[in-house]
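Notes for the one structure printed next.
Read-outs: derived from the displayed coordinates by stated rules, not from any lab. For clarity, every value in this text was computed on a predicted model and none was experimentally measured. We place every Cβ from the backbone using ideal geometry, glycine too, and count neighbours over all the protein chains shown.
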Protein chains: 2
Amino acid sequence: MTASPAAPPGYSIDAFHHGGFYVLQPEAEGHRAGLDAMLLAATVPAEATGTLADLGAGAGAAGLAVASRLEGMRIVLVERTPRMVECARMTIAHPLNARLAGRVRVIEADVTLRGGARSAAGLGDRAFDHVIMNPPFNSARDRTTPDELKAQAHAMETPDLFEEWLRTANAILKPGGQVSLIARPESLADILAGLERRFGGIEITPVCPRAGDDAIRILVTAVKGSRARLGLRDRIVIHEGTGRDFSPLANELANGRRDWPRRTRQSAQKRVE
Amino acid sequence: MTASPAAPPGYSIDAFHHGGFYVLQPEAEGHRAGLDAMLLAATVPAEATGTLADLGAGAGAAGLAVASRLEGMRIVLVERTPRMVECARMTIAHPLNARLAGRVRVIEADVTLRGGARSAAGLGDRAFDHVIMNPPFNSARDRTTPDELKAQAHAMETPDLFEEWLRTANAILKPGGQVSLIARPESLADILAGLERRFGGIEITPVCPRAGDDAIRILVTAVKGSRARLGLRDRIVIHEGTGRDFSPLANELANGRRDWPRRTRQSAQKRVE
């Protein structure tokens, strides 16, 4: 994070990728984009091309991280909360992000729209090469925040959240396109159920705070229409030792210095259209 | 493994737990009990008591490993293949297993029996404190073995295998009882679907050949009637470095020197009856 004089009142502006791009966020309010968004962005491989949809983009951190690392990609941020849509638009328009602005745009829409309403909102069927999503993953039973904007970003509003978001991901992806998500391990059953009969080649990477710890997140990728088997990869460890420093791998992923490609990269690239 | 003069013609007798118990198996035929069975047995914690059912027990290696480590437990081996039932009976009756024989018995039954037929076979409702299972996990698409007995042990005969086996596990467990299984990662969706609405507190431990490898097995435990969330634990690494030697942890687990208890041991022990 780098302090900047360029943040409007009520907003903070945070540097990512060592100043490769900047994200405007409501100050002291709402979900704060961070490592989750950077890990999610890393699942889009170095050779990716075409157009990516960032579903539930918030202020746009994950989508911008892809745009920053992959100069050939076009990014569509999809967000339904007006306040966060405004943030995303201010983020794109900010002079510090001038190098990315031409390839990133925002759609104000609910990810759970269906059929014609979804297409009319700008999310056409089979229009995207990649979809990334960081769905609101705090379940209602531990929703303790009094902060309404944060609650909207974190709360799992329906038991069918992953079903609905993955239905949209499937609809808007080209055949052979890749979906990526980051979530809590407790959502694993819902995620696998939502992927079923739509996606294959599921690859799960646990993310552990330290060696020996239980995973606090899972990174999941899958390929539309694939029939390949599920794989469970070795974990990413965030911290080495007992301090707050990132492990070398986590540091590279957090800063856009490397990708976290699928084991079976070819299947994600081979278009069956 | 220790060679022994006591094997009948056509059988081998293999030592486990450094000679703590022995398993008779058809020589050069059928599935060979090994590390999978020992890891599965390790999920029954040191403080466990009561009666355990080993579903699809084969020659009985996993069940006997529990009996050998936990002197207070009674074990019921459940197997449907007559040849393997015979093996299990010969194993129990073998003089080298005399110290265990009084606590281990065999039921010849299909795990997928239901209702009255299941009870009549000796698998009564709510009769068991623990259930362990190592279901036949090779899918039909890679069944290449010409060995019919091995095929029966390995083949996933129906797409509902985990559903059927976990239905039986749920029926025969006491409330609060623990189920444990070992399987391939590709079966994860089927396993979670089969556990749903029956078990909670699911804990998944990936098992990787070496650090950095994808998991080749998952150890899964869950508690009947629990509402606790799923947890994804750090992996067990089988081999250290590049050689064939087991890691210290894998060696201890393989030889009954330690257990692999749940993180939330109490919930498995707290009976809600």
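Things worth noting here:
- Counting only DSSP H runs of at least 4 residues, each contributing -39500 (n - 2.57), and dividing by the residue count of the protein assembly as shown, the helix-based mean residue ellipticity at 222 nm comes to -7500 deg cm²/dmol.
- Net charge, B:Gly241 excluded, C-beta distance under 15 Å - Lys, Arg +1, Asp, Glu -1: -1
- Placing a label point 7 Å from Cα along the Cα-to-Cβ axis, B:Pro95 is separated from the same position in the other copies by 9.4 nm, shortest listed first.
- When each of B:Phe162, B:Phe246 is scored by the number of other beta-carbon atoms lying within 10 Å, the sequence from fewest to most is B:Phe246, B:Phe162.
- Label point 7 Å beyond Cα along the C-beta direction, distances from B:Gly19 to other copies (nm, shortest first): 6.9
- In the assembly of identical copies, A:Ile216 has its label point, taken 7 Å from Cα in the direction of the beta carbon, separated from the corresponding points by 3.2 nm (ascending, one decimal).
- Normalising the average separation of contacting C-alpha pairs (under 8 angstrom, six or more residues apart) by the number of residues puts the relative contact order of region B:11-269 at 19 percent.
- Tensor-based shape of chain B (alpha-carbon gyration tensor, a/c under 1.5 rounded, otherwise prolate or oblate): rounded
- Per residue of B:225-237, other chain Cβ atoms within 10 Å of the residue Cβ number 5 on average.
- Centre separation in Å (Cα based) which lies between region A:6-80 and region B:202-269: 36
- Options B:His130, B:Thr112, B:Phe162, ranked by Cα towards positive dipole end of chain B, top entry (Cβ charges): B:His130
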